[in-house]
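**Student:** Have a look at this one before I ask anything.
Values in this text are rule-based calculations from the coordinates and carry no lab data. Quantities reported herein were computed from a predicted structural model and do not represent experimental measurements. Please note: Cβ atoms are built from the backbone with ideal geometry, for glycine as well, and neighbour counts cover all protein chains shown.
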Amino acid sequence: MTEQTQSTDEDGRTDVEKLDKEYVFGTWSYQSEVEPTEIVGGDGVRFRDAHENEWIDFSGQLMCSNLGHSADAVADAIAEQAHEGAYFAPGFATEARAKLGEKLAEVTPGDLSKTFFSTSGTEAVEAAIKIARMYTGKQKIISRYRSYHGATAGSISVTGDPRRLMAEPGVPGAIKAPDPYAYGSTLEPMESLEYIDEMLMLEGDTVAAILVEPVVGSNGILVPPDEYLPRLKEIAHDHGALLICDEVMAGFGRTGEWFGSDVFDVQPDIMTMAKGLSGAYVPLGATIVTPEIADHFEDEMFCHGHTYAGHPVACAAGLAAIETYQEENLIEHASDVGDYLGQRLEELADAHPSVGDTRGVGLFRGIELTKDPDERVPFGEREDKISTGSTVVDDVAAAAADRGVYIANMINTLIIAPPLTITEDDIDEAIEVLDDALEVSDGAMNR
Ligand code: PLP
């Protein structure tokens, strides 16, 4: 990408920033507070704005740019497909969609084999809920409090974090369970499982599925004990419910395995994907099911679809993205470099009293801040209902951004999920910046 030098107004805003502010809704924010920065390009693990700032993308934007910002094979596949035939209705077979379906059957766990394509993680989750309900003939979905599954009516109703509050009561039958959150919950992770077992017993035979992120993402990078997910599947099946794993954030190499489910050697009944599926080059979501579930719809109508279900351009991007993961051995690389990242984060934890916990797997890691490490007290909560966490974690992220490292945060946790192409040198550079930025939270401990 070519660098652009922009003229700015007296407040330092470019024309694009002014237009964006005036005509486009900012997501999940008070519009009065939205101050968008114009981004002009990216290259590898770095991106830059119109004000001559450049950042290491330590969160892969919204934990989705798994291939970085210059995956030419994906960009070329998109252009080629758009020239050959950009769109044909889902009722027609297209090469890109058929081959991507086959590829997903290859890389997903066990015998997961038939995919419904959509355009986002939210839609992938909506489809999973609907399929589970149609297949089981039951309506309830158990999900967990510390989870995010999407923004539409169904997916926000099964979301557990405070983003759901504005949409409540939401769709009927969405029930919440406790989480495997060793650092901050009063329940031990495996105790939280037994709680779910009890819930299923008390709900009787009315639960269609348990829906979980195998490794929780935006709610703080929560990695359950090894035996958690296998036992959860057992509990679900004992009660006639399906296990849905939401791999929208954890999937496609993020954890150093193809999927979060692979970390625990579990094959879910239904799996949702998006984000890394296309490396974020185009919007693409997917919901894959077992042959048994797929067969059910031989005789019951699969009553679901979208105009852009399996859009050829998106599927061409997905296919090229998966081929790139494979050809460049990015899953193995994420595992290796992820171990190194984990070690470097441990060093930060040792050096900074405000780092309460570092945790994660592969290139999916979190730094949870605390104002009292002994009592594990989080920094103060915000006053509004939707933005959870504290301004201290925002301040740390801002300090890192000022020094050239972009890092997302939520609920007292800095979320690290860089492109899988990141190197140990890039990690060292980012860690040095974080080391400085964490002085901000150290300094806020006695406030
Ligand atoms: N599920 C999980 C686990 C997610 O992390 C997200 C988004 O962050 C979603 C679903 C929703 O995906 P999207 O924002 O693409 O609709």
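**Student:** Averaging sequence separations of C-alpha pairs under 8 Å and six or more residues apart, then dividing by the length of the chain, give the relative contact order as a whole percent.
**Tutor:** Relative CO of the chain lands at 20 percent.
**Student:** Distance between Cα centroids, the stretch 209-278 to the stretch 177-201: provide it in whole Å.
**Tutor:** Between the Cα centres of the stretch 209-278 and the stretch 177-201 lies a distance of 16 Å.
**Student:** Now a separate question. What distance in nm separates the two pseudo spin-label positions at Glu346 and Thr152, each 7 Å out from Cα along the beta-carbon direction?
**Tutor:** My value for the distance between the label points is 4.4 nm.
**Student:** Contour minus end-to-end for Thr391 and Val171, with contour as 0.36 nm per residue of separation and end-to-end as the Cα-Cα distance?
**Tutor:** 76.0 nm
**Student:** Further question: Convert 37 °C to kelvin, take the viscosity as 0.692 mPa s, use the Kirkwood radius over C-alpha pairs of the chain as Rh, and evaluate the Stokes-Einstein diffusion coefficient in µm²/s, rounded to a whole number.
**Tutor:** Roughly 146 µm²/s, to the nearest whole number.
**Student:** Round to the nearest 0.05 the FRET efficiency obtained for Glu54 and Val34 when R0 = 25 Å and r is the Cβ-Cβ distance.
**Tutor:** With R0 = 25 Å, the Cβ-Cβ based efficiency is 0.65.
**Student:** To continue, here is another question. Distances over 23 Å make up what percent of all Cα-Cα pairs in the stretch 72-327?
**Tutor:** In whole percent, the long-distance tail amounts to 48.
**Student:** Moving on. Tell me, what is the FRET efficiency for Lys21 and Ala89 to the nearest 0.05, using R0 = 41 angstrom and their Cβ-Cβ distance as r?
**Tutor:** Using R0 = 41 Å, I get an efficiency of 0.65.
**Student:** A further question on this structure: Restricting to Cα pairs below 8 Å that are 6+ residues apart, what does the relative contact order work out to for the stretch 228-348? Please round to a whole percent.
**Tutor:** It rounds to 25 percent for the stretch 228-348.
**Student:** Across the chain, how many lysine pairs, 8 or more apart or on two chains, come within less than 12 Å at their alpha-carbon atoms?
**Tutor:** Value for the chain: 5.
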